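Only the coordinates and a few stated rules stand behind these numbers; no lab work does. Since the structure is predicted, the reported quantities are computational estimates derived from the model, not experimental observations. Here the Cβ is made from the backbone with ideal geometry for all residues, glycine too, and neighbour counts use every protein chain on show.
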Amino acid sequence: MTNGTRLLINELRDNVIVATITGPAVGQLAHIPRIPIIPTDFPTSYKGLQFPVNISFVLTINKSQGQTFSMVSIDLRKECFSHGQLYVVLCRVGSPENQYILWPPTNTTDNIVYSEALR
């Protein structure tokens with residue numbers, strides 16, 4: 001695995017995390033073992049075990065209504081928006097410099113509007 005690989009955790013065991021890759025190698029299983037950490041810059045020696053992972057948090061657009069954030073990132077590579085969601089997510093942060101948008105290769109995305117909702 002490389003930096004930026006996203007995983008969906010299937011199982012947490014005592015010494016291994018079993019996860020499914022959702023990024024480039026989608027669908028493959030990954031087994032992440034605990035690794036020994038032995039610091040050399042302390043006066044006393046000890047050995048610890050830890051998983052070599054960083055946790056990230058995701059909040060869906062629908063759950064972000066009414067909240068403000070210092071930074072927002074949006075993935076527009078898939079059609080995932082319903083009426084008004086793009087507006088909601090862009091309004092959650094005050095400054096455009098703190099909005100990060102991942103565009104599809106065509107640099108376009110569909111604005112999904114349901115005409116029934118406009119009546």
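Observations on the structure shown:
- Cβ crowding within 10 Å averaged over residues, with 94-102, 35-43 ranked highest first: 94-102, 35-43
- Each of Lys78 and Val53 was given a label point 7 Å from its Cα along the Cα-to-Cβ line. The distance between the two points is 1.9 nm.
- Multiplying the residue separation of Ile21 and Ile35 by 0.36 nm and subtracting their alpha-carbon distance yields 3.0 nm.
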